[in-house]
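**Q** The structure follows.
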Amino acid sequence: MMNKVLKKRVVIPIFSVVILIGASSFKSDFFEIAKQIEIFTTLFKELNMNYVDETNPAELMDTAIKNMLDDLDPYTKFLNEQDVEEYRINNAGEYSGIGTTVRSFDDRLLIIEPYKGYPADKAGLKAGDEIIQIGTIKIADFDDNASELLKGANSSSVEITFKRQDEIKTTTVTRGAVEVDAVPFYDMVDDKTGYIVLAKFNEKASRQTKSALIDLKGQGAEKIILDLRGNPGGLLSEAINVTNLFVDKGELIVTTKSKVKKFNREYQTKNKAVDTEIPLVVLVDGKSASASEIVSGSLQDLDRAVVMGARSFGKGLVQRPMKLTYGTQLKVTISRYFTPSGRCIQSLDYWNRDENNKAVKNTVFNEFKTRNGRPVQDGGGVLPDVEIETAKANAMTRALLSNNVIFDFATSYYYENSLNKINNFNFNDSQYEKFIAYVSKSDFSFETKAEKAIKAALSDKDDVLFDQTIEADFQKLIVDLEKSKISSLKTHQKEIQKKIEDEIIKRYFYRDGLYQYYLLKDEAILEATQLLKNTSQYASILK
């Protein structure tokens, strides 16, 4: 009895201390936050009142907020009223505008892709056109996001001035309703195999995927290829619902873990599946991220599908919009997510950075097991069960894409060549040589890690002992590396040529034509089709 009393007397004070420490910690954090806010408020007030020139408080605050959030991760963002509306549109998949993808520059908007049958297309705008003026507003004189000027009420008109192949043109575009489909294309690859492209996880994703799946099964599909390549993700709920089309009700798909208790959740499928048995291949690449990785990773963990392509992006973080004042929001990373095997596929560590303040990439992977006991890894995206060469990315291909070299080459090709039928398109080796010549003549610059290291060493001569011979050798090495970049265009010809072909086909036959071309020529789809025909090989991969 005495021992029990003693235990109670000891336990209660310890428990009280824990509560006291917890409360004390909370008060300490709260005081520190309040203190820093007060410092910032007084600084901001004094700066705007006393600075020698006129200041723009809104711009200063915007810069301050963005710089603060940049220290966290690229997904935690402040959304002003305009951003909030764009975020809503992206999730809904509907807006009023001209129907085109554009890329913003300081002095122009570059049309990347006009959507077939929408206002921009009807008005004759083409990929590669550079919009320099919208109505009376010159893009170069407009400080905010000029692409917003293209949006507006249905049936409203706007005059657009643009440059095409060094010629200035104008056209009038009548805005209209634009629907962004989650599933822009589906069809039969052959008489037994259906193919579905799932391009984004907006509010239409699971509904349109389900409709496509049922339709294809009605056409005789006994096997399915689900293409998630290039899909950047979207709504978590839609990722779970898409997975649910192929797995039973009650399956654990995602677990989220956060420092805030209410965000720790387990997400299970809630509906009856459309088909739990149909053989399934999921295609991914380095641009398949977030919700795409939830679908591909969970189907892989449950041994429900064979994943093919290239390692996915590796985004294992979940964001949630938090409402602020004046119609603004904070989209904040609240948790990490884990697939059914227990792995988190987050690739970059934003909380540990290198000397250049770049997030450190995971290089050590932990092993997990699928339902059937197959080994899978965390920390670096979803690694496919079967890798496809042309789906892989490399530094040269990424640089060519980000610098618009492939895009600009496709624009030149379009105005120099005619093409009436997809079947007639053949981008052969001689045409690829023309691309290499185009790159050589362009102002494309791409600095490799080796070049950066050598140039850094040459610039720090005080810290490194150099003589003239060593310095001359280093300079020769830089020249040799520059030459090797051209040869790497041949080394990576398969991957680069695929990107060129994709861009060219879209110019003539729009995105719908690109997917039709995929059914004929795409390496990943052809290999997936062959795998699905070989039932024993398909089964052996999963078991």
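**Q** Within segment 153-170, can one find any residue that is outside the structural domain of Ile240 (by TED's automatic domain parsing), at pLDDT 95 or above, among the β-branched types (Val, Ile, Thr) and surrounded by fewer than 16 Cβ atoms within 10 Å (Cβ to Cβ)?
**A** Within segment 153-170 (the criterion being outside the structural domain of Ile240 (by TED's automatic domain parsing), at pLDDT 95 or above, among the β-branched types (Val, Ile, Thr) and surrounded by fewer than 16 Cβ atoms within 10 Å (Cβ to Cβ)), the answer is yes, since at least one residue qualifies.
**Q** Hey, could you check segment 349-358 for residues that are surrounded by 13 or more Cβ atoms within 10 Å (Cβ to Cβ) and free of Cβ contacts under 8 Å to residues at least 60 places away in the same chain and say which is farthest from Arg265 (Cα to Cα)?
**A** Residues of segment 349-358 that are surrounded by 13 or more Cβ atoms within 10 Å (Cβ to Cβ), as a first pass: 349-350, 353.
With free of Cβ contacts under 8 Å to residues at least 60 places away in the same chain added as a condition, the list becomes 349, 353.
On the way: Asp349: 22, Arg353: 29 Å.
Residue satisfying both the conditions and the ranking: Arg353.
Table: residues versus (1) touching a Leu at 6+ places or on another chain (Cβ under 9 Å); (2) not basic (Lys, Arg).
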site	(1), (2)
Val360	yes, yes
Lys369	no, no
Asn372	yes, yes
Val386	yes, yes
Thr390	no, yes
Arg398	no, no
Asn403	no, yes
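**Q** Hey, another quick one. Would you point out which residue out of Asp301, Asp349, Asp378, Asp285 is of a type in the set (D, E, K, R) and more than 21 Å from the chain's Cα centre (by Cα)?
**A** Selected residue: Asp301, the only one of Asp301, Asp349, Asp378, Asp285 that is of a type in the set (D, E, K, R) and more than 21 Å from the chain's Cα centre (by Cα).
**Q** Given the conditions (1) touching a helix residue (DSSP H, G or I) at 6+ places or on another chain (Cβ under 7 Å); (2) part of a loop (DSSP other than H, G, I, E, B), and given that Ala199 satisfies all but one, which numbered condition is not satisfied?
**A** Unmet condition: (1).
**Q** All but one of (1) over 30 Å from Gln133 (Cα atoms); (2) surrounded by fewer than 19 Cβ atoms within 10 Å (Cβ to Cβ); (3) within 21 Å of the chain's Cα centre (by Cα) hold for Gly218, so report the exception by its number.
**A** All conditions are met except number (3).
**Q** Further question: So which helices (runs of 4 or more DSSP H) are wholly in segment 429-527 and hold at least 1 residues that are at pLDDT 95 or above and within 32 Å of the chain's Cα centre (by Cα)?
**A** 429-441, 493-521
**Q** Let me ask something else about it. Among the candidates Val247, Val173, Val197, Val180, single out the residue that is modelled with pLDDT under 95 and either of a type in the set (A, V, I, L, M, F, W, C) or surrounded by 15 or more Cβ atoms within 10 Å (Cβ to Cβ) (or both).
**A** Exactly one residue qualifies, and that residue is Val180.
The rows are residues; the columns are (1) assigned to a helix (DSSP H, G or I); (2) touching an Asp or Glu at 6+ places or on another chain (Cβ under 9 Å).
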position	(1), (2)
Arg336	no, no
Gly342	no, yes
Ile345	no, yes
Asn352	no, no
Asn356	no, no
Phe365	no, yes
Gly380	no, no
Met396	yes, yes
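The values are calculated or read from the model by the stated rules, or taken from the named source; none is laboratory data. What you are looking at is a predicted structure, and each value in this text was computed from that prediction instead of being measured. Every residue, glycine among them, receives a Cβ derived from its backbone with ideal geometry; neighbour counts consider all protein chains shown.
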